[in-house]
1. So which residues in the range 186-195 are in a helix (DSSP H, G or I), surrounded by fewer than 21 Cβ atoms within 10 Å (Cβ to Cβ) and in contact (Cβ under 8 Å) with a residue 40 or more places away in the chain?
2. Among 109, 133, which is the only one that is of a type outside the set (Gly, Ala, Ser), touching a helix residue (DSSP H, G or I) at 6+ places or on another chain (Cβ under 9 Å) and closer than 30 Å to residue 2 by Cα?
3. I need the full set of residues from the range 163-176 which are farther than 13 Å from residue 148 by Cα and crowded, with 20+ Cβ neighbours inside 10 Å, in order please.
4. Taking the range 171-186, which residues are of a type outside the set (Ser, Thr, Tyr) and out of contact with any strand residue (DSSP E or B) (no Cβ under 6 Å at 6 or more places or on another chain)?
5. List pairs: first residue in the range 157-185 and in contact (Cβ under 8 Å) with a residue 24 or more places away in the chain, second residue charged (D, E, K, R) and part of a loop (DSSP other than H, G, I, E, B) anywhere in the structure, Cβ distance under 6 angstrom, at least six positions apart or on different chains.
6. Within the bounds of the range 170-183, is there any residue that is in the same structural domain as residue 146 (by TED's automatic domain parsing), within 20 Å of the chain's Cα centre (by Cα) and part of a helix (DSSP H, G or I)?
7. Checking residue 29 against (1) in contact (Cβ under 8 Å) with a residue 40 or more places away in the chain; (2) under 21 Å from residue 210 (Cβ atoms), only one condition comes out false. Which one?
Amino acid sequence: MQQWRDEAIILASSRHGEQSAVLHALTRMNGRVSGYLRGAQGPRVRPLIQPGNNVALTWQSRLADQLGYFTIEPIQAVAPPLMQRSDLARVLQSVSQTLLAALPERQPYMGVFDGTKALLQSLPQNKNWAVAYIWWEVHLLSALGFGLRLEECAMTGVRHDLTHVSPKTGRAVTRAIAAPYKEKLLKLPAFLGGADDHGPHEMAHGLALTGYFLHHHIAQPQGRNLPEARQRLVASLADYQFTDKIDKAVLA
C-alpha cells in the first residue's frame, strides 16, 4: 500500500457518482495531485473542497501510479472571504485554473505552493492585489524554467530606465536600446522594473507580459489557450479600469 500525508491547496473537484468526487489539489511536497474523495457531497466535507482552501490530505493507493483515494482535514478556509468579492473570486479562479493547466502531475514545486498560499491568504487585505497576482505569474514562470530577467538591461547591464522585454529571451532592455525595436518588444510595467508605479496602464502591460510567456511556453505547446478563468480576469480588469481601445488591446 502506497501512502503519504501533505498540506494542500484545493484547485478543483468534479462529482463522481452520488457521494464522491475526483479532487485536484496542489500539495507542498508531492506537487499537483488528483484522487477520489468519498463523501465529498456531504455537508461536512463539501465546504472543505472549495478551490483555494488550505487542507491536510492523506493519499493512499495499492499502486503508486493509480489515482488513489484521499482523506481530508481542514487547516484554513481561505475561499469564503475571496468568494464574497467578485474581483478576488476571479483571481482565485485564475490561480486555480492556471496551476491545473501549467503544472505537471506529481512533481513537487514547493516554491509555487508557498507563493500561492501566501498570495491567497493576503488578497483580502491587499489593495494592490493585481500587482501581487502579476508577480505570482512571474514567479510561476520562473519555477517552470521560463524565468524573466527584468533586473537589468540585457545589452548594457544598466539597472534603471528599463522599459521593454524581448519576447524571444524574456530579458529587459532600457528605453534607449528599445527605441528602434519598440514594435517588436513587450512593454515592461514600471513596478516589475523596480519603479513604484501601480497605475492602471501598468497593470495592463503586466498582464500582457506574463500572458505572452504563459501562452507561448505553457499553453501553446499543449495545443491550448490560456485558461478561461484568466481570460475573464483580464477582461474584467479591462472593463473596470480602462476605457480606451488602446489599453484594452494591450490586455488581449
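1. 191
2. Working: 133 fails: closer than 30 Å to residue 2 by Cα.
Matching residue, one of 109, 133: 109.
3. Of the range 163-176, the ones farther than 13 Å from residue 148 by Cα are 163, 174-176.
Result: 163, 174.
4. Of the residues in the range 171-186, the ones of a type outside the set (Ser, Thr, Tyr) are 171-173, 175-180, 182-186.
Correct list: 176, 177, 179, 180, 182, 183, 184.
5. 159/152
6. Step one: filter the range 170-183 for residues in the same structural domain as residue 146 (by TED's automatic domain parsing), giving 170-183.
Checking the rest, the ones that are also within 20 Å of the chain's Cα centre (by Cα) come to 170.
Imposing the further condition that a residue be part of a helix (DSSP H, G or I) reduces the set to none.
Among the residues of the range 170-183, not one is in the same structural domain as residue 146 (by TED's automatic domain parsing), within 20 Å of the chain's Cα centre (by Cα) and part of a helix (DSSP H, G or I), which makes the answer no.
7. Residue 29 satisfies every listed condition except (2).
Matching residues to (1) assigned to a helix (DSSP H, G or I); (2) surrounded by 17 or more Cβ atoms within 10 Å (Cβ to Cβ):
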site: 100; (1), (2): yes, yes
site: 116; (1), (2): yes, yes
site: 120; (1), (2): yes, yes
site: 124; (1), (2): yes, no
site: 133; (1), (2): yes, yes
site: 137; (1), (2): yes, yes
site: 145; (1), (2): no, no
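The values are calculated or read from the model by the stated rules, or taken from the named source; none is laboratory data. None of these values were measured; they are calculated from a predicted model. Because the Cβ atoms are built from the backbone with ideal geometry, glycine has one as well, and the counts that use them run over all protein chains shown.
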